[in-house]
Amino acid sequence: MPTSVLDIPTWQRPAPTQEKLEYAELARIDLSKWPERKDELVEDLRHAVTEVGFWLVENTGITDEEVVRQHSIGNAFLDLPLDEKRKHPCNFAEGNFFGFREGFRIMGNSGVKDNSEALCLPKIVPSLAHEFPAYDFLQPFKPEIESFQRKVHERVLDPLLRLFALLLELPEEYFAAAHAWDRPTEDHLRYMRYIPNPREVDEKLPDKQYLNGHTDFGIVTLLFAQVVQGLQILTGENEWKHVPYIPNSIVVNTADILSFATAGWLKSTIHRVIRPPEDQATVPRLGLFYFSRAAHDWPTGVVAPSPVLARLGLYDPSAQPTSPVSGLEFTRARVKHSWDRPVYGDDEFNKGFEFKGLSVKTHYEK
Ligand SMILES: O=C(O)CCC(=O)C(=O)O
Ligand SMILES: [Fe+2]
């Protein structure tokens, strides 16, 4: 039988850790209630964001087989020779995160090189066709990547954008219309892999951190269940806690665009990645993410005219920016600030990021 280029090795999920770790409490949002039990979901979201702080979604209709297949595509791509992967690098000088990112940065004062690499793919829609990295390898996979992205958008992102609007007592379309599937946004599907470091190398990293405490740049980040531990979130009690592996779930991090739109009422999730526990420390840590980022024309920094925010004293129509920065301009500037540098997490970086009246903290510690 002729073999097809689509026959790639199936990614095998590593075994869960046996170590006893301190896990964060996560609220669980059951998306099988969407859309019939919308009102109940708004209350579930209110509980998740105001009382628990960290949450995941489940029963999204995305199957484990589809998730494993995406990991297999990502793994097969990242297994290509470096010279091949380098053909379409992220253009960080322009703040563009689409394409391949290798682990080129030095982490703070440690002298240790970033051990992660990633491929970030824009939504496969006509308005963003020019942004798709033109790898020969990816061409045959485009239809299934597109249908996976679209399913994530329809089953998870779009319902969440509508629920956030309803929670804020805004018209349901407030976020969803601007971020509709076919509109240009900085969203991307990301395959990311951390290559294990020897223990002596990780000991040079403060707290053995692979990725320092940070917040994400967009609206929400969807993190498909990760079996290899390492991701931690900073709790309201100022403690780093591990994110548990809950099969078939998607952990949701709220990010800076949503925080701007709610004058900080919705807080960005502070998170970091550390060396996995010893029984997983030699396993490559492959992750699958959907980063939902601002629409190109999103008025960044404008506070939503929400009755909830008004009651909290957070909505002041006279304090709105008169010519707000576009989502495209802000996101590209933010990516450039974080990534167009040889050293990450040095004093200069940790000072924070200011852009046309918007200010973002770039560094979080306990
Ligand atoms: O690898 C992870 O689990 C999280 C990665 C992350 O936080 C990021 O890329 O922004
Ligand atoms: Fe992150």
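The values are calculated or read from the model by the stated rules, or taken from the named source; none is laboratory data. Nothing here was measured: the structure is a model prediction, and the numbers come from that model. Here Cβ is always computed from backbone atoms with ideal geometry, including for glycine, and neighbour counts include all displayed protein chains. Accessible surface is based on the protein model in full, side chains and every heavy atom, while ligands, DNA and RNA are left aside. Shrake-Rupley method; radii C 1.70, N 1.55, O 1.52, S 1.80 Å.
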> Condition test on Trp339, is it aromatic (Phe, Trp, Tyr) and within 16 Å of ligand 2 (Cβ to nearest atom)?
Replying inline: yes
>> I'm checking my understanding of the structure. Among residues of segment 288-311 that are over 13 Å from Ser259 (Cα atoms) and part of a loop (DSSP other than H, G, I, E, B), which one is farthest from ligand 2 (Cβ to nearest atom)?
In response: Pro305
>> Given (1) open to solvent by 20 Å² or more (accessible area, probe 1.4 Å); (2) touching a helix residue (DSSP H, G or I) at 6+ places or on another chain (Cβ under 6 Å), identify the lone condition not met by Ala295.
In response: (1)
> Restricting attention to segment 215-244, which residues are closer than 29 Å to Gly327 by Cα, touching a Lys or Arg at 6+ places or on another chain (Cβ under 7 Å), of a type outside the set (A, V, I, L, M, F, W, C) and within 16 Å of ligand 2 (Cβ to nearest atom)?
Replying inline: Gly218, Gln232
> List pairs: first in segment 263-277 and over 15 Å from Val52 (Cα atoms), second within 16 Å of ligand 2 (Cβ to nearest atom) and assigned to a loop (DSSP other than H, G, I, E, B), Cβ under 6 Å, 6+ apart or cross-chain?
Replying inline: Val273/Gly230; Ile274/Gly230; Pro276/Val228; Pro276/Gln229; Pro276/Gly230; Pro277/Gln229
>> Quick check on my filter: what residues within segment 97-114 are closer than 23 Å to Tyr290 by Cβ, open to solvent by less than 20 Å² (accessible area, probe 1.4 Å) and touching a helix residue (DSSP H, G or I) at 6+ places or on another chain (Cβ under 8 Å)?
In response: Phe97, Phe98, Phe100, Arg101
> Is it the case that some residue within segment 178-188 is touching a Cys at 6+ places or on another chain (Cβ under 7 Å) and within 26 Å of Lys87 (Cβ to Cβ)?
Replying inline: yes
>> If Glu365 meets every condition in (1) under 27 Å from Pro89 (Cβ atoms); (2) outside any helix (DSSP H, G or I) apart from one, which number is that one?
In response: (1)
> Considering segment 228-281 alone, what residues qualify as being charged (D, E, K, R), open to solvent by 30 Å² or more (accessible area, probe 1.4 Å) and in a strand (DSSP E or B)?
Replying inline: Lys241
> Looking only at segment 1-41, which residues are charged (D, E, K, R) and farther than 30 Å from Arg275 by Cα?
Replying inline: Asp7, Asp30, Lys33, Glu36, Arg37, Lys38, Asp39, Glu40
>> Being more than 16 Å from ligand 1 (Cβ to nearest atom) and under 20 Å from the mean Cα position of the chain (by Cα) narrows it down to one residue among Phe291, Phe330, Phe353; which is it?
In response: Phe330
